Amino acid sequence: MNARSSALPDFPWDLLEPAKAIAAAHPDGIVDLSVGTPVDSVPPAVRQALADSSDAPGYPLTAGSPALRAAITGWISRECHASGEFGVLPTIGSKELVAWLPALLGVGPRDVVVIPAVCYPTYEVGARLAGAEVIRSDSLTAVGPDRRVKMIWINSPSNPTGRVLPVEHLRKVVAWGRERGVVVVSDECYVSLGWESQPVSVLSDEVTGGDYTGVLAVHSLSKRSNLAGYRAGFVGGDPALVKELLAVRKHAGMIVPAPVQAAMVAALNDETHVAEQRARYAARRDTLRTALVKSGFEISHSEAGLYLWATRDEDCWATVDRLARRGILAAPGAFYGPSAARHVRIALTATDERVAAAADRLAEPF
Ligand SMILES: Cc1ncc(COP(=O)(O)O)c(C=O)c1O
């Protein structure tokens, strides 16, 4: 038996353990801004919906309950400004879908998946699990006429850079994909977190004009609704592709648990908690951004999303080390692509108290 994991990249977070140990030794404790894991509570109405559905002895529907399908459809129509007929499917968080999508859609050896030059590592993992080759590129021209390309990932707002892709760019990628029969997948899990610019969904009428052929958008409730622990995501777009995903996922048992489906309905039908959570992140972002700039960091992109993409124009590991000595843990840019080795990623996901502690520590001279 071949070890599947040997085809995968190294699990990068293990490399951060030494810096974590240094940061944890700070007398006032670590401020961990490395992983973007939500720390604020699950909205009460969502917890109630989960509890109310806990008597769930039967198998849930892979396609999602009628209530969930309606909630996802309504949310995509409203929040993504999509007026056409698209397919929808709940997923067990979005990471599993990112990791299995190429394989689920029949991408395989001899095929190529294009991913952003600097990106969330799971796009590469998904291509490798399918046995496909990966090209890292933000330029369609650089990809050229390679007929082996079967799928292209875009991610706006980006993790880790916070860059937002303009409508014009999204249109070009969709047109490029359609000309070549390449599936365009847009990971939009930070779409509700626009700061200096407003992210646009690939499903919006401005981009696709209501025709979703060859296009999928991946969404998550992890960040929007603090539901990372529930594992709640969904995909929407080309009805034929969604139908194919459903057909395979039914066989594979990739089913969102019934209480989580009920919780998703409550979360998708309420925008008040989303606005409240946004306000928390906006305040933390201001505090961290001001403190980082004052202490000599330059902030790149970061116009949306859950991170500040910062540099001192030195190797990212040197910056990680400097921060760790002040008890702050950041993620090195090198985790996200070879061209990102001079940046660090600072997550906004810490309590107000920890964010204030980080700002105080950044005020000490470097
Ligand atoms: C760009 C991106 N996509 C997908 C995910 C996966 O999120 P989840 O599995 O919690 O939905 C993350 C998580 O951080 C992410 O940053």
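Data overview
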item: In order through segment 73-81: 3J(HN,Hα) via Karplus (6.51 cos²θ - 1.76 cosθ + 1.60), integer Hz, x for Gly, Pro; result: 4, x, 5, 5, 4, 6, 7, 9, 6
item: MET264, MET151, MET254, MET1 arranged by Cβ crowding within 10 Å, fewest neighbours leading; result: MET1, MET254, MET151, MET264
item: Relative contact order (percent, whole number), the chain, Cα cutoff 8 Å, 6+ residue spacing; result: 26 percent
item: Nonlocal amide H pairs with SER137, under 5 Å, H built at 1.01 Å; result: ILE115, ALA117
item: The chain: most fluctuating residue of LEU221, LEU15, LEU89 per GNM, C-alpha cutoff 10 Å; result: LEU15
item: Extension gain, ALA275 back to TRP13 (0.36 nm per residue minus Cα-Cα distance, nm); result: 91.2 nm
item: GNM flexibility winner over the chain from GLY84, GLY126, GLY58 (Cα, springs under 10 Å); result: GLY58
item: Summed side-chain charge close to GLY84 - residues other than GLY84 whose Cβ falls under 12 Å, Lys, Arg +1, Asp, Glu -1; result: -4
item: Highest-fluctuation residue, PRO57, PRO12, PRO38 considered, GNM on the chain with Cα pairs under 10 Å; result: PRO57
item: Ascending count of other beta-carbon atoms within 10 Å, so fewest first, for TRP13, TRP176, TRP195, TRP153; result: TRP13, TRP176, TRP195, TRP153
item: Nonlocal amide H pairs with SER156, under 5 Å, H built at 1.01 Å; result: ASP187
item: Residue-averaged [θ]222 nm for the chain, counting only DSSP H segments that reach four residues, each worth -39500 (n - 2.57); result: -11500 deg cm²/dmol
item: Stretch in the chain that is longest and holds no trypsin sites (Lys or Arg not before Pro) that DSSP places in a loop and that have at most 14 other beta carbons within 10 Å; result: 149-366
item: Table column - 3J(HN,Hα) (Hz), segment 335-350, Karplus curve with 6.51, -1.76, 1.60, x for Gly and Pro; result: 4, 10, x, x, 7, 10, 6, 10, 10, 10, 10, 10, 7, 8, 8, 9
item: For the chain, the longest site-free run once GluC sites (Glu not before Pro) in DSSP loop states with at most 13 other Cβ atoms within 10 Å are removed; result: 197-313
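Every number in this text was worked out from the coordinates using simple rules, so none of it is lab data. Quantities reported herein were computed from a predicted structural model and do not represent experimental measurements. Don't worry about glycine lacking a Cβ; one is built from the backbone with ideal geometry, like all the others, and counts go over all protein chains shown.
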